[in-house]
1. Run Ser12 past the list (1) closer than 20 Å to Gly104 by Cβ; (2) at pLDDT below 90 and report the number of the one that doesn't hold.
2. Check Val225, Val193 and return the single one that is in contact (Cβ under 8 Å) with a residue 60 or more places away in the chain, under 16 Å from Arg76 (Cβ atoms), surrounded by fewer than 16 Cβ atoms within 10 Å (Cβ to Cβ) and in contact with a Ser or Thr (Cβ under 9 Å, 6 or more places away or on another chain).
3. Could you tell me which residue of region 122-138 is surrounded by the most Cβ atoms within 10 Å (Cβ to Cβ), considering only residues that are small (Gly, Ala, Ser) and assigned to a helix (DSSP H, G or I)?
4. Within region 164-178, does at least one residue satisfy the condition of being part of a loop (DSSP other than H, G, I, E, B) and either touching an Asp or Glu at 6+ places or on another chain (Cβ under 8 Å) or surrounded by fewer than 22 Cβ atoms within 10 Å (Cβ to Cβ) (or both)?
Amino acid sequence: MRIIVCIKQVPSTNEVRLHPVHNTIMRDGRQSVINPFDTYAIEEALQIKEQHEGEVIAVSMGIPATERLLRDAESRGVDRAVLLSDRSFAGADTLATAYTLSLGIKEIDNFDLILCGKMAVDGDTAQIGPELAENLGIPHVTDVCELIKVSKSQIVCKKITDYGHQILKVKLPALITVVKDINMPRLPSIQGVIFGLTAPFEIKDAAALNADENRIGLKGSPTQVVKTYIPKRQNEAIELKGDAETQAELIKDLLKEVL
């Protein structure tokens with residue numbers, strides 16, 4: 001079974017640098033970590049590999065420094081990694097990112113299952129997984145909290161919904177996005193760290209992927225960030241004077257203003 005895990009880099013601190021013109025996040029490989037939700041996807045892929053044998057491949061789109069994060073994934077047990085990196089990919093929204101990832105995955109070919117984290121903690125859109133599946137023309141399930149059964153032809157999974165859970169049977173190849181309740185990610189072993197330093201690693205640019213320049217990067221992104229700002233928070237206390245009846249009326253008036 002060939003399993004692909006999509007990995008994204010996110011800032012390791014709350015200090016996020018924004019592009020002065022486009023208001024998009026400026027990536028810094030030295031100040032980035034693997035998106036936390038993606039670590040659960042990595043672990044789930046490794047558990048499937050241990051039960052059914054096969055190969056786990058990590059794929060990411062990012063700056064060259066993202067290699068460090070992919071090698072970290074290899075140190076945890078991923079067999080090989082592919083980085084999609086090109087200056088023309090910069091500024092991509094979820095649609096352009098999903099398109100680029102789909103090109104990279106098509107280059108790998110013959111995959112059975114794709115795993116993604118539920119969402120990236122810096123964007124919180126949860127759009128990459130479903131958009132990637134649509135680009136590849138395969139079924140997908142979001143918010144998976146348990147893989148009940150995995151076979152060569154299908155999976156049975158438990159999905160979190162607003163009203164509880166759903167048990168779904170999905171034909172392979174397919175894509176799922178996982179939540180943090182699905183497992184507990186392992187730490188790299190000493191042998192894993194050594195393997196990660198020398199493991200197979202590929203870098204593919206826009207030309208190698210034969211990418212449509214109108215569908216990648218800022219040019220291929222219909223979502224434009226007009227303004228980014230930190231909301232102002234004000235803590236103001238109001239003293240309610242008078243007897244209980246008077247205070248009740250004042251509270252009633254305040255609630256009307258709020259609601």
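The values are calculated or read from the model by the stated rules, or taken from the named source; none is laboratory data. None of the values given here were measured: they were computed from a predicted structure. Counting neighbours? That spans all protein chains shown, and the Cβs are built from the backbone with ideal geometry, glycine included.
1. (1)
2. The conditions single out Val193.
3. Ranking the qualifying residues of region 122-138, first place goes to Gly129.
4. yes
Residue-by-condition table, conditions (1) under 19 Å from the mean Cα position of the chain (by Cα); (2) at pLDDT below 90; (3) surrounded by fewer than 18 Cβ atoms within 10 Å (Cβ to Cβ):
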residue: Val16; (1), (2), (3): yes, yes, yes
residue: Pro20; (1), (2), (3): no, yes, yes
residue: Asp28; (1), (2), (3): yes, yes, yes
residue: Gln31; (1), (2), (3): yes, yes, yes
residue: Pro36; (1), (2), (3): yes, no, yes
residue: Ile48; (1), (2), (3): no, no, no
residue: Val56; (1), (2), (3): yes, no, no
residue: Met61; (1), (2), (3): yes, no, no
